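Inspection log for the structure reproduced underneath, given as structure tokens.
The values are calculated or read from the model by the stated rules, or taken from the named source; none is laboratory data. As the structure is a computational prediction, the values presented were derived from the model and not from experiment. For neighbour counting, all protein chains shown are included, and Cβ atoms are generated from backbone atoms with ideal geometry for every residue, glycine included.
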Amino acid sequence: MGIFDRFRGKKPQKTVKAREISFRPPAPSPFSAAISDILKETESLQTQGYTQFKSIYKSEFDLYDDMVKLDPELNGAVRAVSLTGNKYRIDYSTAKNQRIRTSIEDFVESVDFDDLIINSMRNLIVYGNSIDKIIGRAGVGITGIQSIPITQITIVDDRPTSDYSPRAYNKDDPIMQAITYRFREQERDQQNYPADEIFHLKIDYRSNWFKDRLNRWTYGVWGASRFSSLKQAIRAKYNTMNNRIAIEDSMTKQYITIDMKAVEHITDPNEQRERLSHIMTEVGELLESLRGDQSPILPDYVRIEQMDMKNVPDNSGFLEMINSDISAVLQVPRVSQGQERGATFAATFNANTWSVQAISRLQSIVKEGIHNLFIKHLEMAGIVARKRDLPTLVFEPVDEESPYQLMQRAAVGFEKGLISREEAREILNYDPKTSGTINETPSPSERINRIRPDKEDRSGVKPDKGDEEP
């Protein structure tokens, strides 16, 4: 029986058993599934140990992968830095001869060169290392660059295989030379690669201590990742977010009140109680039967009250601090992460200065590694060459001037007499003129005549003594 049947003249049925309203959870939706997935996946970031006995991660690189996957600010910063590797060109004019130029051109076309550079930039900022397998043939050169999952790579020196035990490699006797790269070590399909078959880029490695996934200490072999100082900050961030989601999910969002007008005409207390129970039952069934885009129509004595969510702790300041730590460690402006809050012009300008230096450092490591790769390719192809004989990999400036800034620089230099007209046009990529290469400051009358060359001089300005004709 509906709520309004009593007002339509129908005789109300006696409720045998009153039930309390129960808001059953709705059918699983993609949003609710995503929230549970977030809670489940980010719990893995809360682990404190990284040894093979305590942690679900076999190495720190697995943890870094999850940090990039789950944290949007971190992902945005990494992507902003790695995409700077896409602005490059190869200057073939610096090659010594046509044979070298042709061989390097064939190499660049045979491998996915764009992706190689971008992926190297990404791996350097996430792992501090970028490891690829070189594929090639003698007399032909390098024919491919195969990416290898860095989490499954270990590096060993020239000690006998029987000496490779975790207890033997402490800080008193670490691995200090990269002789052999082992893929999936101690697995059934283990593969060993000599160091000359591996393209390994690394940053800040000379004094870096690193323990591999088999608990062996190395020194000066692996590069240092900047993510190592963000592990605790990311854990604290997702602990805070998970707690807030759990609190909001457990709180009552709304409740129903029934005014006494619904039973003020009934004098029997038992009948009043039965009437109220009946109303609650009908309201509950009505709300549970509605779709998400429908609104209930209720009598004036039934009201749905909303809870005040201001009592939920506000953690936005703490999360803002964590995001600023990410920006500081990776030296990426907040705007590049998609974080506009707090990114004033002055702060962004200073951050850009530091960011350009950090990105230039990564680009210089990639540039040096690519030149070594060119040498390796030429050696395999049977071409003798030195580094000064190679084409040059050139990265475009990160802070490139806009057309307006170029025009402003050329105009100021020309007006101050520091550069000639031809030099100013060269800055703007214009063709030089055959005349008027000297900057001569025109007189006021000449300025007006330049504006109106077909008119007489009606400026009324007396010429300077230097402008008078003899």
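Selection over the stretch 201-234 of residues that are small (Gly, Ala, Ser) and either without any contact (Cβ under 8 Å) to a residue 12 or more places away in the chain or part of a loop (DSSP other than H, G, I, E, B) (or both) gives a count of 5.
For the condition touching a Leu at 6+ places or on another chain (Cβ under 6 Å) and at pLDDT 85 or above, Ile198 does not qualify. If we scan the stretch 357-364, do we find a residue that is modelled with pLDDT of 70 or more and farther than 30 Å from Ile100 by Cα? Looking for residues that are modelled with pLDDT of 70 or more and farther than 30 Å from Ile100 by Cα, one finds at least one in the stretch 357-364, hence yes.
Residues of the stretch 74-92 that are touching a residue at least 60 places away in the same chain (Cβ under 8 Å) and under 28 Å from Leu378 (Cβ atoms): Thr84, Gly85, Lys87, Tyr88, Arg89, Ile90, Asp91, Tyr92.
Checking each residue in the stretch 385-398 for being within 10 Å of Ile100 (Cβ to Cβ) and more than 33 Å from the chain's Cα centre (by Cα) picks out Ala385, Asp389, Leu390.
None of Ser93, Ser82, Ser120 is of a type in the set (S, T, N, Q) and within 24 Å of Val384 (Cα to Cα) except Ser93. Considering the stretch 76-96, and only residues there that are closer than 16 Å to Ile370 by Cα and in contact with an Asp or Glu (Cβ under 8 Å, 6 or more places away or on another chain), the residue that is surrounded by the fewest Cβ atoms within 10 Å (Cβ to Cβ) turns out to be Arg89. Taking the stated definitions as given, is Asp71 charged (D, E, K, R), at pLDDT below 85, surrounded by fewer than 19 Cβ atoms within 10 Å (Cβ to Cβ) and farther than 30 Å from Ile383 by Cα? So Asp71 does not fit the description; no.
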